[in-house]
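Student: Dumping the structure here so I can ask a few things about it.
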Amino acid sequence: MDTMTLLARITDYASRPNPYPLYAELRDAGRVVQQADGSYLVGGYHDIAALLHDPRMSVDPRTRGETTHALPFLRLDDPEHHRLRNLAMRPFGPPHSPGRVDGMRDEIARITKELLESLEAGRQVDIVDDFAYPLPVSVICRLLGVPREDEPLFRAWSDALVTAADVKAGDESTETRKAGEQAQTEMGGYLVNLAERRRGAPADDLLSAFVNEPDPALRLTQEELAVTAVLLLIAGHETTVNLITNGVLTLLRQPEQLELLQREPELLPRAVEELLRFEPPVHIRERIPHTDMDIAGTPVPATASVFLVLASGNRDPRRFHEPDRFDPTRPDVQHFGFGSGIHLCYGGPLARIEAQDALGALLPLLATARLVEDPPYRQSAMLRGPRHLLVQL
């Protein structure tokens, strides 16, 4: 097989149902594998961990001279990243708002129960549309202060933004990029408008907290508010949908592990960590070297695209014993499910609660459930998960 085309084969939609043999091929091909388009792939756990913590690796497209509109903190390097992420986190988590996520537990349990009651035994359901999608969407809408009835609006915007952000071999189409930029502008405008309505009349939500921050030094500009709110809304549901759906699919395909969790539901928190390793919601992240670098003996020029294949690192046999086995009792699960380093996903604690609640609630139903068909996958190679998951209850 030609290792120069590994990225093209990984991102080919035909590989979406099972990219793991290609990841094994990547690890076997070397620690750093150059691609035909001039990019580099890294698939080993220890190399990925080192690069995620290396300050010479940038996430900012301006590093290679690209002109961009305002960027969310996910696409910024320190010190800009640190400042904006801290402002975004103030109303969300410790130390300023330590009870925010824990305070959502009852709400998450209530939404989960309502969705579960709509899943009637004896009928065919789509785990994505009927359960795994509406749960995190309802939660992030409640947290941000977005009306749930506006969900169809931001679903279309989210799809355009995820498509534009996806990893591709070669150049992305101008059409895709423009659609992403338009979605960013429209969604940002919508969220800023919502936030402005809360100025001076705050509710208990993040948008209210952002626009009613009393300290001028800690306020987001309107542009920063737009990109931050868009990021939180998309990141707050897209990855959790994949985590829950991948979890259900994994358990249906591994009935012995499903039976184990039904017997020992106290293993659920560990099972979710193992799912984040075994079938992570995010597969690939791009980094851009600020300077010429030597990575594991391979010279990599400044501004090249370096793709860290997180899902490959999660299955690296040099790091995990029997990595292709889903084992909810695995004692050591230091995965890349939420990334690592300064860009570690700060919504991780919320996603864990949602996944544990969702899978815990579904366990009794899954005992007699049957997978109707192998699922069609979403287009994205970066955010990998089933687009639909048809199950006969």
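The values are calculated or read from the model by the stated rules, or taken from the named source; none is laboratory data. All figures in this text were calculated on a predicted structure; none of them were measured in a lab. Glycine gets a Cβ as well: all are built from the backbone with ideal geometry, and neighbour counts include every protein chain shown. Note: accessible area is taken over every heavy atom of the protein model, side chains too, but ligands, DNA and RNA are not part of it. Shrake-Rupley method; radii C 1.70, N 1.55, O 1.52, S 1.80 Å.
Student: Somewhere in the range 111-120, is a residue buried (at least 17 other Cβ atoms within 10 Å of the Cβ) and under 22 Å from the mean Cα position of the chain (by Cα)?
Tutor: yes
Student: What do you reckon, is V248 β-branched (V, I, T), surrounded by 20 or more Cβ atoms within 10 Å (Cβ to Cβ) and in contact with a strand residue (DSSP E or B) (Cβ under 8 Å, 6 or more places away or on another chain)?
Tutor: yes
Student: Okay, next question. Would you mind stating whether R287 is modelled with pLDDT of 95 or more, open to solvent by 10 Å² or more (accessible area, probe 1.4 Å) and either out of contact with any Ser or Thr (no Cβ under 8 Å at 6 or more places or on another chain) or part of a helix (DSSP H, G or I) (or both)?
Tutor: No.
Student: Consider the range 140-165. How many of its residues are at pLDDT 90 or above, open to solvent by 60 Å² or more (accessible area, probe 1.4 Å) and either of a type in the set (K, R) or assigned to a loop (DSSP other than H, G, I, E, B) (or both)?
Tutor: Within the range 140-165, residues that are at pLDDT 90 or above, open to solvent by 60 Å² or more (accessible area, probe 1.4 Å) and either of a type in the set (K, R) or assigned to a loop (DSSP other than H, G, I, E, B) (or both) number 1.
Student: With respect to L275, is the statement that it is buried (at least 23 other Cβ atoms within 10 Å of the Cβ), within 20 Å of V101 (Cβ to Cβ) and touching a Ser or Thr at 6+ places or on another chain (Cβ under 8 Å) true?
Tutor: yes
Student: Restricting attention to the range 335-351, which residues are over 16 Å from R287 (Cα atoms) and aliphatic (A, V, I, L, M)?
Tutor: Hits for the range 335-351 are L350, A351.
Student: Sort out which residues of the range 357-393 are under 22 Å from E117 (Cα atoms), under 24 Å from the mean Cα position of the chain (by Cα) and open to solvent by 30 Å² or more (accessible area, probe 1.4 Å), and write them in order of number.
Tutor: Once the filter is applied, which keeps residues that are under 22 Å from E117 (Cα atoms), under 24 Å from the mean Cα position of the chain (by Cα) and open to solvent by 30 Å² or more (accessible area, probe 1.4 Å), the range 357-393 yields D357, H388, L390.
Student: Can you find a residue in the range 117-125 that is at pLDDT 90 or above and part of a helix (DSSP H, G or I)?
Tutor: Yes, the range 117-125 contains a residue that is at pLDDT 90 or above and part of a helix (DSSP H, G or I).
Student: Check off (1) in a helix (DSSP H, G or I); (2) surrounded by 11 or more Cβ atoms within 10 Å (Cβ to Cβ); (3) free of Cβ contacts under 8 Å to residues at least 40 places away in the same chain for D106 and give me the number that stays unchecked.
Tutor: Failed condition: (2).
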